[in-house]
Amino acid sequence: MNPSPSDGLGDTVRGSSRLDLRSPRWPGVWADLTVVVVLGMLALAFFWPLLTGHMFSTIASAQNGIYPWAASPNRFPLALQDDSATLVYGWQSYLTDALRAGSFPFWGENSFGGYAIFANGSSGFANPTRILLALVASPIVAHELFSILHMTAGGLLAYLLGRELQLSRMSSLLVGTAWMLSSWNLGWLHLEVVSPVIAFFPAGLLLVRRAVHRGSPGWAVGAGAILAWTLISAHLLFALVTFMLCFVYGAALVAWPSDSSDGPPSSSRGGRAWRLALTFVVSAGLAAPVLVPTWRMLANSQREPLTYEVLQDRWLGDPATFLYAFVPPELPLSMDAFNAELLFSGSMVAVLALVGMFVRRSPAASLGRGLSIGLFLVIIGTPLTWIVFTFVPGMDVFRPYERLGMWWSLGLILLAGSGLDAVLTRTRRWRAWSYPLGAAVVIGFTAVQLLTFGRSVNPEFPPRDSALAFPGTPFTSAMQEASVSSTGWPARHVGLRRSQEDGWSASMLFANTNLAFDLDSITGYDSAFPDRSTDVVRVLEGESAESVLDRGLESAYVPTLEVGRARLDLLGRLGVSQVALVPGLDVEDPWADALRDAGAQVRYEGADGTLVVLDGAGPRLVGGTTVVGNRAESLVAFTAPSFDHTDTVLIEESEVQ
C-alpha cells in the first residue's frame, strides 16, 4: 500500500488531525510558523506602498468633492471607498481627541445637534483595538494599522479554521490566502465599519466549533468573548450576520455532530447544547453595555424597515452574478456592482470548490456547502429568503442582500480547500514532490490573481503628504477662530452649496469632515440616530414636514443643503450661527434674504469658501410655552414660518404629565 502523501509542510493529505493547541509537535510548530510568514509576506505585498512613502487612505480622492479642499484639486479621482474619508475618518478623529483629553465619546455633540454616537450601531468606539490605536497613533496611521491587523488576522484565523476542519496545511494555507485576499475583503478593506468581519468571522466559526465539540466550558467562554467583540466592533448589521451564521453553525453541530470524522463527539447532545447556550449568554452579557443603549437608539431611529415586497423588487441578487466567482468583474465598478460582483476569490479556487462540493465526510466541505448553498438561496430570493427576512434580527433593514456575498465567499473557499485535498489524495501515485509543488502553484496563482485585482479595485495609495489628508485651510482657520457665537455659546455651522438643478457640484464640509476640526455641525453622516433629529434636518434641507412624517429613511443619512431649496429661515431656531458657503455664492443675492434678515456678516471670503456669521444664534431664555400632542405636531409647529423661537418653547404632553 502507498503511504498517504505529504503536503510539503509536515502534514499528510489524508487523515490529517485537527490543530491541537494543547500538545504541539515541534515539526508542526515550524510548519505553522512558515504559514504565518507566508501570509505575512502576502499582506506586506499588498501594503508595500506604505514602505515607499505612501499611505492607505481615500482622503485624497474625497477632497476633490468637498470644499474647502476642492479649491485645490489633486489628481486622485473620487473612489467608491470614499466613505472611509467622509464617514469613518471623522469618527476616528473624534475618538482620538476625546480619549486623549481624558474622556470617552458617549455623546457626539458636533453632529446633528448632538446624539448618542457611542450607541449608533456602527461607530465601533467600544472596540478595544480602535481605542488602543487612537491612543498611540494619528487617525490615518490608526486606519492603516487597523486595516493591516484585520486583514492579516483574517488570513491566519481562516488558516486555523481550515486546520480545525481537518484540512491539510497546504489546503488550509489556500483557505487563509484566498479569504485574506478575496475581492470582497480587499474591496471593502478601507471601511472600518466592515473590515473587522474579515477576522471575526473565521474566528467565530473556529471557536464555536471548539465550544460545541470540546468538553471544557472555557472554549464556550472564549467563543462568547469573540462574538461579543464582533458585536461591538463592526457595523451592527454586518456583526449580526456574522453572529447569526456562527450560531447557526453551532446549532448544526449540536444536532448533527457526525460531520467530524476524527471520532465521536466529546459529550451528549445535551452537553453540546449547554455549551452553545453558554456561548450565547457570555456574548450577550459582554456586549450588553453597548447593545442595550444601541437597541434603545435604534428603536427611535430614522431607519424604516423594508417590506418583503420592496426587498423582492429592489434588493435581491441575480444568480448569474455568481459567475464572478470564476473571473473578476470588469473595472471600474459602479456602486451596484461594488455591492454585488465582488465574489472573486481566485479562478482555481472556484474550480476546486466544484470538486469540494462532492467531497463526503469532510467537516470543511460540510461547512462550505452550508454557507455557499444557504447564502446563495437567501441572496437570489427563495422561501429561505423569506424565513431570514422575517425571523433574523436586522434583516428587514440590511440591503442589498447581495452583500451577503462576503460570507458566501468563505463557504466557497472552504469547499476549495476540501477540493484541493481530494485532488492531492487521488493523485497519490505521482512523485512525492508533485504534491507540495501542485499545491504551491495553486496558492501562488491565487495570490497573484487576488493581489492584482485587490490593488486595482482600491484607489491608488497617495503620497504621505499632509496636503492630501484634510489639511487646515484659511477657511477652516476662520471657522475655528469664530468658534464662539455672539451670545457666548459654541458656534454651530451648516454648509451650503449651489443648486444641483444644473448638475453636480461639490459640497461644503460634507458628511463627518467637520469632526476632524472639532467643528459643530447641524448635519453629519450616520446610519442610525434619533428620528427627531432627522426630522428637523430633513425639513431644513427643503422637504415638507408632511413628507417627513409620511415616510422614514431606508438607509444612512448624509444631508446636503442647497441654495434655493434649503429652509434658511430655520437656522436661528436650530442654533446655527455660522453658514459655510462654497466659493462663488454671494450673500447679496436674492436667495440669501433669510441670512440678511438674521444679521449675516461675512467673516471670511476666499478661494476656498465664504464664512457668514449670524447674530444672536444660540440658547436663550424664553417666557412662553406651547404644549403639543406628539412628535408630528411638534415638528409641524417648530418648522412653521410663524413660529417665534425667541419667545416660545414647545413641550409635548407626555413631558408635562
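Could you count how many residues in segment 362-385 are open to solvent by 20 Å² or more (accessible area, probe 1.4 Å) and more than 24 Å from residue 177 (Cα to Cα)?
6
Run residue 442 past the list (1) under 25 Å from residue 47 (Cβ atoms); (2) under 26 Å from the mean Cα position of the chain (by Cα); (3) buried (at least 16 other Cβ atoms within 10 Å of the Cβ) and report the number of the one that doesn't hold.
The single condition residue 442 does not satisfy is (2).
Considering only segment 498-552, state which residues are open to solvent by 10 Å² or more (accessible area, probe 1.4 Å) and either on the phi > 0 side of the Ramachandran plot or among the acidic types (Asp, Glu) (or both).
501, 502, 503, 518, 520, 531, 541, 542, 543, 546, 550
Could you run through segment 51-69 and say how many residues are open to solvent by 20 Å² or more (accessible area, probe 1.4 Å) and either under 15 Å from the mean Cα position of the chain (by Cα) or closer than 26 Å to residue 606 by Cβ (or both)? Before the answer, list the steps.
Of all residues in segment 51-69, those open to solvent by 20 Å² or more (accessible area, probe 1.4 Å) come to 51-54, 64, 67.
The next check asks that each one be either under 15 Å from the mean Cα position of the chain (by Cα) or closer than 26 Å to residue 606 by Cβ (or both); those that pass are 64, 67.
Matching residues across segment 51-69 total 2.
So which residues in segment 380-427 are among the aliphatic types (A, V, I, L, M) and under 24 Å from the mean Cα position of the chain (by Cα), if there are any at all?
Here is the first cut: in segment 380-427, the residues among the aliphatic types (A, V, I, L, M) are 380, 384, 387-388, 392, 395, 397, 404, 406, 410, 412-416, 420, 422-424.
Of everything in segment 380-427, those that are among the aliphatic types (A, V, I, L, M) and under 24 Å from the mean Cα position of the chain (by Cα) turn out to be 380, 388, 392, 395, 397, 404, 406, 410, 412, 413, 414.
If you check residue 579 against the conditions, is it in contact (Cβ under 8 Å) with a residue 40 or more places away in the chain, hydrophobic (A, V, I, L, M, F, W, C) and crowded, with 23+ Cβ neighbours inside 10 Å? I'd like the intermediate steps shown before the answer.
Numbers: in contact (Cβ under 8 Å) with a residue 40 or more places away in the chain: yes; hydrophobic (A, V, I, L, M, F, W, C): yes; crowded, with 23+ Cβ neighbours inside 10 Å: yes.
Yes: the conditions hold for residue 579.
State yes or no: is residue 88 out of contact with any Cys (no Cβ under 9 Å at 6 or more places or on another chain) and open to solvent by 10 Å² or more (accessible area, probe 1.4 Å)?
Details: out of contact with any Cys (no Cβ under 9 Å at 6 or more places or on another chain): yes; open to solvent by 10 Å² or more (accessible area, probe 1.4 Å): no.
Answer is no for this residue.
Taking residue 103 as meeting all but one of (1) in a helix (DSSP H, G or I); (2) free of Cβ contacts under 8 Å to residues at least 12 places away in the same chain, write down the number of the exception.
Result: residue 103 fails condition (1) only.
Hey, any hits in segment 120-129 for a residue that's open to solvent by less than 10 Å² (accessible area, probe 1.4 Å) and in a helix (DSSP H, G or I)? Steps first, please.
From segment 120-129, those open to solvent by less than 10 Å² (accessible area, probe 1.4 Å) are 120, 122-125, 127; that's our starting set.
When the remaining residues are screened for being in a helix (DSSP H, G or I), the result is none.
Scanning segment 120-129, I find no residue that is open to solvent by less than 10 Å² (accessible area, probe 1.4 Å) and in a helix (DSSP H, G or I), so the answer is no.
Go through 290, 392, 388 for me and flag whichever is over 30 Å from residue 424 (Cα atoms), surrounded by fewer than 18 Cβ atoms within 10 Å (Cβ to Cβ) and of a type in the set (Val, Ile, Thr).
On the way: 290 fails: surrounded by fewer than 18 Cβ atoms within 10 Å (Cβ to Cβ); 388 fails: surrounded by fewer than 18 Cβ atoms within 10 Å (Cβ to Cβ).
Unique residue meeting the criteria: 392.
Is it the case that segment 588-607 has a residue that's at positive phi, surrounded by fewer than 20 Cβ atoms within 10 Å (Cβ to Cβ) and of a type outside the set (S, T, N, Q)? Outline the logic, then answer.
Here is the first cut: in segment 588-607, the ones at positive phi are 599.
Restricting the remaining residues to those that are surrounded by fewer than 20 Cβ atoms within 10 Å (Cβ to Cβ) gives 599.
Those still in the list that are of a type outside the set (S, T, N, Q) too: 599.
Scanning segment 588-607, I find at least one residue that is at positive phi, surrounded by fewer than 20 Cβ atoms within 10 Å (Cβ to Cβ) and of a type outside the set (S, T, N, Q), so the answer is yes.
How many of the residues making up segment 447-464 are open to solvent by less than 70 Å² (accessible area, probe 1.4 Å) and free of Cβ contacts under 8 Å to residues at least 60 places away in the same chain?
The total comes to 0.
State the number of residues belonging to segment 471-497 that are open to solvent by less than 40 Å² (accessible area, probe 1.4 Å) and of a type in the set (Asp, Glu). Steps first, answer last, please.
Of the residues in segment 471-497, the ones open to solvent by less than 40 Å² (accessible area, probe 1.4 Å) are 471, 473, 475-476, 478-479, 482, 485, 491, 493-497.
Adding the requirement that they be of a type in the set (Asp, Glu) leaves none.
So the count comes out to 0.
Closer than 24 Å to residue 248 by Cα and of a type outside the set (Asp, Glu): does that describe residue 321?
Working: closer than 24 Å to residue 248 by Cα: no; of a type outside the set (Asp, Glu): yes.
No, not satisfied.
Of the conditions (1) touching a residue at least 12 places away in the same chain (Cβ under 8 Å); (2) open to solvent by 20 Å² or more (accessible area, probe 1.4 Å); (3) in a loop (DSSP other than H, G, I, E, B); (4) not polar (S, T, N, Q), residue 112 satisfies every one except a single condition; which number is it?
(2)
The values are calculated or read from the model by the stated rules, or taken from the named source; none is laboratory data. Treat the numbers as computed from the prediction; the structure is a model and nothing was measured. Glycine gets a Cβ as well: all are built from the backbone with ideal geometry, and neighbour counts include every protein chain shown. In case anyone asks, the SASA skips ligands and DNA or RNA and just uses the protein heavy atoms, side chains included. Shrake-Rupley method; radii C 1.70, N 1.55, O 1.52, S 1.80 Å.
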